[in-house]
Every structure is written in structure tokens, then in C-alpha cells.
4 protein chains.
Amino acid sequence: MEKKWRTAITQHVGHETYIRGYRLLDLVGNLSYAQAVYLILKGELPNEKESKMMEAILVSVIDHGIAPPSVIAARAVASGGNSLNVGVAAGILAFGSAHGGALEDAMRFIQEGVSSTKSVSEIVREYLESKKPIPGYGHRYYKDYDPRTKRLMDIAKDLGFYGKHCQFAEEVQEEIARQKGKRLVLNVDGAIAAVASEMGFDWRLGKGFFIIGRVAGLVAHVYEELTTEKPFSKRLDEETETEYTGTPPRELPPEFRRR
Amino acid sequence: MEKKWRTAITQHVGHETYIRGYRLLDLVGNLSYAQAVYLILKGELPNEKESKMMEAILVSVIDHGIAPPSVIAARAVASGGNSLNVGVAAGILAFGSAHGGALEDAMRFIQEGVSSTKSVSEIVREYLESKKPIPGYGHRYYKDYDPRTKRLMDIAKDLGFYGKHCQFAEEVQEEIARQKGKRLVLNVDGAIAAVASEMGFDWRLGKGFFIIGRVAGLVAHVYEELTTEKPFSKRLDEETETEYTGTPPRELPPEFRRR
Amino acid sequence: MEKKWRTAITQHVGHETYIRGYRLLDLVGNLSYAQAVYLILKGELPNEKESKMMEAILVSVIDHGIAPPSVIAARAVASGGNSLNVGVAAGILAFGSAHGGALEDAMRFIQEGVSSTKSVSEIVREYLESKKPIPGYGHRYYKDYDPRTKRLMDIAKDLGFYGKHCQFAEEVQEEIARQKGKRLVLNVDGAIAAVASEMGFDWRLGKGFFIIGRVAGLVAHVYEELTTEKPFSKRLDEETETEYTGTPPRELPPEFRRR
Amino acid sequence: MEKKWRTAITQHVGHETYIRGYRLLDLVGNLSYAQAVYLILKGELPNEKESKMMEAILVSVIDHGIAPPSVIAARAVASGGNSLNVGVAAGILAFGSAHGGALEDAMRFIQEGVSSTKSVSEIVREYLESKKPIPGYGHRYYKDYDPRTKRLMDIAKDLGFYGKHCQFAEEVQEEIARQKGKRLVLNVDGAIAAVASEMGFDWRLGKGFFIIGRVAGLVAHVYEELTTEKPFSKRLDEETETEYTGTPPRELPPEFRRR
């Protein structure tokens, strides 16, 4: 009878663990962590170029400071008196459609675009007409080009990953400028999306790269919170930093008064 | 053979659900929600006084404004682009030892104190000498008495729940004042702890009352965030509200430069 | 300047907490918990009929046994050696689009249907033609009617909440039978959705009723796990209950062998 | 005035991100991910030996199959209809004191042991007399030695990390055998703990290595669940796999019947 818990990832043979068919103990000391990540996600070992590209992607998202919602959530939860894993999990919860989601959306956009019969010009026109933002394009500060995109694309070129997905991503950037009369740069989410697509990863895994890369930043933040700040830290001063916009004080109607 | 998933809470007989032995459909329309909470936690139906006491406890913790870590975490996670359940869960994660944990600790303190052979005076002396805070005592603003404690204790007296646990809790308050020469008021966590102990609940369930009562506040906050605020809201301005205390900018050593 | 943390739910005046304008201390001992839930979600106090309807809704979802994904997740997390709040939060995380989401979807369907200019017959036809399931309809066992729906609808009738939303919901049930030649019963999610819509709640709050009602069940399950089962319980026997569907054991290629 | 949000991890200068003082863009393409992890956790760049040791540690915990509570929780939550990040977070929640916690406990044991004035023999005697398990020792199957420990210790020796912490850890293993007359092997948690201590990491970070290494496994499992299994999968058959141990069906007492 078919079993209800099925997996193609890991198997135990005797007391030995095998990851995607390889004995885990053989991987320890022989693979870099990013190579093992590649293996567990893709099912096959990376070659040297794939290994280097994976390292670059994971490093590029490792942290972005204390202000993003994920770090606020992680440190607030830790501050409630919880252990490291609970704070880190709260941070990962924050990686919704507006926080890391652009990477997944951009991968989907690029993969569907590359396999579409429509021209780049048609694809861009449809988006612009629908007024939906094109995932992976636009940046608050960078108006000419995003230096992180340039860095990743340079590495991709050197390693041989500048193929049709990356080309499509950059063509869309130029096409937006042409149709809109204004540049929306291919941002770092879009760049990672293009390269990961080039490497053959499914867009449904997009947020996974962000989660795996950023988790180290979250661990560092929660550890810092637990070791340098007081529990239940009053980061938000209710009197000066919050605003009440609701109904002013009123009396409980007499029919509710039992006491 | 003994099965691995065992429970004494809920059973299905045919397609009917039974909670602690009662047909769920019979409970709907006949029990208040707080009565059903009492039943599912305690295993038996409450009488009228127990029902009223449970309502009072749950209402007393329903919300405490936007500033606690739980609400900050819940709203930050929602703001990352997640659905209602994910934001609410992040809020509940924040209920660690420093946020709701006092209720559990105070229940344990009171239950162990009541069944101890030591006198109140000895118990208090040991705590004061060890410099550990006594859980359930002390408040930032209330120095004479905590009005929420008074409210709950008045209700407990009317309903017949002012027994040995409540007496013990108030005796400790007086004994602290005597030995320390300074009042540490029995706060609202301590008051709920005393009353819940009087009702026969195990201290390990303490945080459960807080979770069940406060979840409605969290739902209201996350709903408000999702319907009135923009995603990825920039609540923390990195330039003006954060401080970097680490290593100043430095050059990557040449031995690391591959490109 | 407009503040970044705004709320219309709770305000502190002096050291007193006000919920939707009412002094929290006045609510304690005067409101049932379900009345307080209604107040905090809706912004106004319920009348007697609204109070009873709210009690019935919350009780109807309080637990559904040990098998749903939420309880499995909650108990697995608790079993990893975590405290009550962490297990409960994991359970709430499981309330995604396939677990409690039907309530939200059905509320949306009913609210949009009632305010639509299309006829019930057109609405049903469009769904059936698109082969999308109609949220709130169909049940594995109940083919004639869902007894839980009957119970809630009877209560709604008695309390005066059987208005256009409930009527629409039941008309859709009959229309499906007519067009499809087969009954898909209005299930309990659909019934709660109809009644909550009748009470004027926004569909975006739909999952909130489920979360608030079910959280008591989750607390009971996690407490039971923590007090009656061993930590890291081996509920899943790897040898007999799991199946490996991946690549069989293979050798690490020599170019990866550094040791 | 001192700001409320302080961090020593990451700084923005202009629009550039600096991690522990190094420009993030310089790290991309130059550091392996494990090197970046080392940097963000420790505050300094690793040398070549530290880099290799870190890779080995992270790879060694990357996955352990479908049966642990973390994977059950992660897949159950995903199965409820949630996105990748929510499932992964649920898995991380499960890393409590009984699941990954041994690594943290063993690091603390080793670090305190090494800096203690007591002899190994005294330390072991105290534990054995108190009947508390010594964290990091003992294995269900391995009775002579744990092959994973051997692998990590061999690597540690080659890289120069076999110092006083590793020696202490192995001496404890021998001392247990001597005093108890039975071997409790230094297991893989204990081995990682010894090596990470040797590298100068604080025991409070212990679970962090486990979280960072295992997160890739969780991403793979949740992705697999989302792409190969049906939502709300019925993994637990209520009739055959669960056991009800509670009160048998009984009638709701008449005083509760309002309808």
C-alpha cells in the first residue's frame, strides 16, 4: 500500500543518512554548505560554476539591517522571553508577499516570459497597461542601475550563466524605459531571479533562496537581542509614538451593568 | 497495540463530534463560548459561578494596546504580506516568559505556596533574600493597590472563589510590605493566577488563559493592519531611529578578493 | 506629524485601558467573553441577539479532534520541547487557505453574491462552468444536509439573523442541485459565513472567527501533549510508515573528494 | 539620546549595506556562504581552516529525513494551504529543548567544564549521581562510537581545532565508561558542540548552527510538500491511527439546555 509520508530527499539505510542518494558523512568535509544546499534543492551535485553562483546568491541576501519587518518581528518575539529558534521563526514568518516575495514573483515572471510566444514588447505593454508593477523592477534610490544587479550579472557572465533568462530580464528593463520614457532598474530581486532561473530552479522555490540566505542574519539579530537587550523592551513609547484614532472614552450602557 | 496519537479531548462517533463527551451540536446554542472553553480545558461543565468567573478572566486580558511586543510582532509579520492567521500566530509567539509568563509563574508560586508546609513569612523571606522577584507582585504605576486586582477579587468574593489561594496571594502582599517596608502590589497577573488556582486549574495551563483571552485583540490588530496600512510599512526609520554600534567600514583583505 | 503606529482599537488614558472607548475594568464582570470579542472586532457592543449568535459561532468551531494539520503541527512543535504559546502558534499557522480558509472564501462569495446584479442562477452557472469549487458547499459525508448548518440556521432564524445572506446561501445550495443534478450541501463553513455576513462582518475577518473559536482547542491539545506525552515523541516510524521515492544510494564523484 | 533600536551587525552608509564593517557587495563573489555566516555571527572573517570547519558543521546537520517533529510540523502547516516561508517557520519552531537543544546544552556543558576548577572525574560523578543526562552523550544505536563524531573530530584534528574543548569532550566519554561501566558515546550534537566551542563561539549561539544548517532541509521538504502532495492531506486516519482516552458520550444536563 502506498504510504502517506513520502519523500525523495533523504533516506536512512541502516543507521546511515543519505541525502539525494549521497551518504551524508561523505558530504561532510567534502562539500561547501552552499554545494549541499544546491544538492538538497536540485537533487544533483553542482559543478564548480554552479557552486560559485550559489555562494554569490546566498551571500547577497544575508542581511539588510535592523529595520525590515522580519527583524522587528524576530526581535520583538525574542524580547517577549523566548528562545533563539522562536525569534528566528517569527522573522521567517514575515517573509510574505511584500518581503522576499518579489524574488518568487520575478522568477515566475522571467520563466513565463522566456517560454512565452509573446514578444518582450507585448509583455511589457500588457503590464504597463494593467498598471500592475512588474516584479523585479524599480528601486527607491537607484534610477540608472542597481549596483547589486551589476555585481551579480558580472559574476553570472564570468560563470556562464548569462543566458536567455538574464537577457530577457535586461531586455525588459530597456523595454520599460522605451515604453514608459523612464527607467525602472532591474533590482537585486530581479537579478537573483534571472540567475536562479538560468540555473534551472523552479520559481516556486524562489523564496527559498531568500530564506536560506537571510536566516543567518536573523540568527545574528536574535542572538544580539537576547544577549544585549532587556526582556520586554519598551521599543514603542505609547505616549509619544502611537496615535489613537478610535472612539473616545464613553460610558458602558446601563443595560450591560451587572455590577 | 497502543496507538501513537492519543487524546482525551475530542472524539468522533459516526460523523458527530463530541467534546469531552458532549455532542458538539448540543453545545452550540446552549453554552457560552467561555463555558465551552472551561469544558474543553477542565473536562467538565462549569456551574454558573464558574462560568461567570471564567468570562471575567478572559475579558480582563483581551487587549493592552498597540505597544506590547506581541502586537509589534503580529503587525510586522502581517506587514510583510501575510494572511491573518500568520500575523496572529506571530503575536502568540511573543507570549514568552516575559510576556504573559508571569501569569503561569504566579499560578505555580501560589499553588506551591498553598500546599507548602512553610509559613507565608518564610516563603517571602526566602524570595527576598534570594533577590528573585516574586511572580505576580509589583507594578510600575500602582503602588497602593492594582485596581484590576481589586475588580477581580471583588468578583471572586461575590462568586465564592475567594478561598485559600486568594487569601495566600493577599497575605503575601502584606508580608512583603512588612518585611521589605515597601508595598509591592498583587498585580493583575497575580490576581488571575490566584482565582484560576482557586478554580482548580493547573499552573501549567496558566499561559493558556492569557492566549485564549488575548487572541481576539491580536485578530483585531492584524485585521486593522491588513485593512488600513500599506504592506512593508516603514515603521522604523533607519536613519533617525536606529543606532549602529559595530565595527566601522573597513576594507576586505586582499586574500579574500577573487574578483 | 502623523505617527507611524496608529490604532482605533485600544487607548490608554492615564493608566487605564479603554477598549473601543469603553473602560476595560467596566467590561470585566459585565460582558461575556464573546460580547467582548464582538466589541473589539466590530467597534460596538452587541445586543442580546448578536451576543447569542456570536457565542454559537465561536462554540461551533472549538475543536475537531487530533487529526487536522493544525493539531499535528501544534503537538509536533510542543513535542520538540517548546512552551505552550509556541505550540499553539504553530497550530494557528496551519490555518491557511485549505484549513479554515473556506470560511473566509465563503464569506466573500456570499457578500459579493448578495451585492451582485447577477442572478443566483448566473452566479452558480459561472462557477460550475469554470469547474472551480464554490466555497462553503459540499461535504464528504453529508449528502442531504449538514446537521451543523441546520443547527446554526435554526438559531439564526430564532435570533433574527436569517436575512438576505442566509437566504442567498441556501438558494445557491438549491440552484447547484438544480443545475448539477446533485446536491452539494451548504456546509458548516458556509453556514457560519452566511450568518457572520448577516451580522455585518467583513469577509476579510472570516478566518478570525475560526482562529478565536479554535484557539481553545489548540490550547487543550498542546497542554495535553506537554503533560501526557514524552518530548520528541516518535509518532512517525521511519521504517514502516514512510516511503523513500528518490535516488538510490550512489557514490560521491571523485572530484568532490577532498578527504 | 540613546536610540532604542541598536545593532552591531549591519549598517547602511549612503545606500550601501555593510556587514560587520565590510561592504556587502565586496562579499558577494568573494566569500562562500559559510564564510559569510561565520562573519555575521562572529564579527570577523574566518581564516581558511575556520572556513572549512564551518562548512563541515553546517553540512553535517542539513537534513535528517521526514520523521522528526520539525518536518512533520512544517509539512502539516504547508498542507493547511500556506506559503513556503510559513511552513519553514513552523519547522524552526519545533527546534525546542528536545530537538536541537542538545547542541546548545552540550556547548554550555563543555564550556563550563573546560573553565571549571573541578576535575573531569568530579564533573561526571556529579551528573551521574544526580541522574541528569549529560548533554551530548549517548545514542540509541551507536554503542562503541558515533561515526559522525569520528568524522567531525578527524576534520577538527586536520584543521587544528582539536584543542581543550574536544579533549574535554572525549575525556568525559571515557570517564563515563569508567564510572558507569558502560559507554555513552559522544554523539554528533556533542561533537559539533566541542568543535564550535573550540572555534570560540558562545554556547547561547548553539542552536543557531543547527537552525542555519537545517533550514535548507526544511525548505526542500516544504517545497516537496507544496509541489507533490494535495492540500489538507489526511496523514492521520482518525479511525485507525488515533485513540480516544477520554469521557464516553454523555447527555448535556437539562439546566444547560436552552434549545
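The values are calculated or read from the model by the stated rules, or taken from the named source; none is laboratory data. Bear in mind that the values here come from a model prediction, so they are computed numbers and not experimental data. As a convention, Cβ positions derive from the backbone with ideal geometry for all residues, glycine included, and neighbour counts pool all protein chains shown. What goes into the accessible areas is simple: the full protein's heavy atoms, side chains included, and nothing from ligands, DNA or RNA. Shrake-Rupley method; radii C 1.70, N 1.55, O 1.52, S 1.80 Å.
Taking only the alpha carbons of chain C, we obtain Rg and Dmax values of 23.4, 78 Å in that order.
The relative contact order of chain A, computed from alpha carbon pairs under 8 Å that lie at least 6 residues apart in sequence, is 24 percent. Taking the centroid of alpha carbons for each part, the range D:177-252 and the range A:27-59 are 24 Å apart. Using a probe of 1.4 angstrom and keeping all protein chains present, the accessible surface of the range B:49-231 works out to 34 square angstrom per residue.
For the range C:110-259, rounded, prolate or oblate, judged on the Cα gyration tensor with a ≥ b ≥ c (square roots of eigenvalues), a/c < 1.5 rounded, else prolate if a/b > b/c? Walk me through the intermediate numbers first.
Details: a/c = 2.79, a/b = 1.80, b/c = 1.55.
Taking the square roots of the gyration eigenvalues as a ≥ b ≥ c, the range C:110-259 is prolate.
Quick one: which of C:LYS132/C:LYS180; A:LYS3/C:LYS132; C:LYS150/D:LYS230 span more than 21 angstrom between C-alpha atoms? The partial results should precede the final answer.
Numbers: C:LYS132/C:LYS180 13 Å; A:LYS3/C:LYS132 29 Å; C:LYS150/D:LYS230 30 Å.
Going by Cα-Cα distance, A:LYS3/C:LYS132; C:LYS150/D:LYS230 fall outside the 21 Å limit.
Contact order normalised by length for the range A:1-142, with contacts defined as Cα pairs under 8 Å and 6 or more residues apart; what percent is it?
Working: 89 pairs, mean separation 15.4, N = 142.
Here the relative contact order equals 11 percent.
Averaged per residue, the range D:7-46 has 23 square angstrom of accessible surface, using a 1.4 angstrom probe with ligands and nucleic acids left out. Per-residue packing, averaged as other Cβ atoms within 10 Å, sorts the ranges D:124-135, C:195-206 into the order C:195-206, D:124-135, beginning with the highest. Note on B:ARG204 and C:ASP158: their simple-model spin labels are 3.8 nm apart, each label 7 Å out from Cα toward Cβ.
The mean count of C-beta atoms from other chains within 10 Å of the C-beta of residues in D:175-181, rounded to a whole number, is 0. Length available on full extension from A:GLU239 to A:LYS182: 0.36 nm per residue minus the Cα-Cα distance, which gives 16.2 nm. Taken residue by residue and averaged, Cβ atoms of other chains lying within 10 Å of the Cβ of C:225-238 number 5. Within the full protein context, the accessible area of D:THR247 is estimated at about 50 Å² for a probe radius of 1.4 Å. At the nearest 100 Å², what buried accessible area, both sides summed, do you get for C and A when the probe is 1.4 Å? That pair of chains buries around 4300 Å² in total. Interface residues of the range D:1-17, defined as a loss of at least 30 Å² in heavy-atom accessible area between the chain alone and the complex of all protein chains with a 1.4 Å probe, are D:LYS3, D:LYS4, D:TRP5, D:ARG6, D:THR7, D:ALA8, D:ILE9, D:THR10, D:GLN11, D:HIS12, D:HIS15.
Between C:GLU251 and D:LYS150, how high is the FRET efficiency from 1/(1 + (r/R0)^6) when r is the Cβ-Cβ distance and R₀ = 25 Å? Nearest 0.05.
Details: r = 20 Å, r/R0 = 0.80.
Taking R0 as 25 Å, the efficiency between C:GLU251 and D:LYS150 is 0.80.
The contact residues of the range D:92-121, meaning those that lose at least 50 Å² of 1.4 Å-probe accessible area when all protein chains sit together rather than their chain alone, are D:ILE92, D:LEU93, D:ALA98.
Rounded to the nearest 500 deg cm²/dmol, what is the calculated helix-only ellipticity per residue at 222 nm for chain C, with -39500 (n - 2.57) per DSSP H run of length n ≥ 4? Spell out each step's value before the answer.
Details: 12 runs with 141 residues, N = 259.
Dividing the helical sum by the residues of chain C leaves -17000 deg cm²/dmol.
Note on the protein assembly as shown: with neighbouring protein chains present and a 1.4 Å probe, carbon and sulfur make up 49 percent of its accessible heavy-atom surface.
Please sort by residue number the GluC sites (Glu not before Pro) in the range B:28-122 whose DSSP state is loop and whose Cβ has at most 14 other Cβ atoms within 10 Å.
On the way: sites: B:GLU44, B:GLU48, B:GLU50, B:GLU55, B:GLU104, B:GLU112, B:GLU122; in loops: B:GLU44.
Within the range B:28-122, the qualifying GluC sites (Glu not before Pro) (loop, at most 14 other Cβ atoms within 10 Å) are B:GLU44.
Cross-link partners for D:LYS4 among the aspartates and glutamates, with Cα-Cα distance under 14 Å and sequence neighbours closer than 8 places in the same chain left out: A:GLU224, A:GLU225, A:GLU229, A:ASP237, A:GLU238, A:GLU241, B:ASP237, B:GLU238, B:GLU239, B:GLU241, B:GLU243. Helix screen, chain A: DSSP H segments with Cα axial length of 27 Å or more and mean Kyte-Doolittle hydropathy at least 0.5 are A:206-228. Global size of the range B:161-239: 19.6, 55 Å for Rg and Dmax (C-alpha atoms, Rg to one decimal, Dmax whole). An oblate overall shape is assigned to the range A:7-46, the ratio a/c of its alpha-carbon gyration tensor axes (a ≥ b ≥ c) being 1.5 or greater and a/b not exceeding b/c. The relative contact order of the range C:150-220 comes to 32 percent, based on Cα pairs under 8 Å that sit 6 or more residues apart. Per-residue accessible area (protein heavy atoms, 1.4 Å probe) orders D:VAL59, A:VAL114 as A:VAL114, D:VAL59, starting from the largest.
Out of all DSSP beta bridges in the protein assembly as shown, what portion is antiparallel? Express it as a percent rounded to 5. Can you show the working numbers first?
On the way: 28 of 44 bridges.
Taking every DSSP beta bridge within the protein assembly as shown, about 65 percent pair in antiparallel fashion.
Residues of the range D:220-243 falling in the label zone of A:LYS3, defined by backbone nitrogen less than 20 Å from a point 7 Å along Cα to beta-carbon, are D:220-230, D:233-238, D:240-242.
With the simple spin-label model, which puts each label point 7 Å out from Cα in the Cβ direction, the B:GLU122 to D:THR228 separation comes to 6.2 nm.
All C-alpha pair distances within the protein assembly as shown, sorted into 10 Å bins from zero, spread as 2, 11, 19, 24, 21, 15, 7, 2, 0 percent across the bins.
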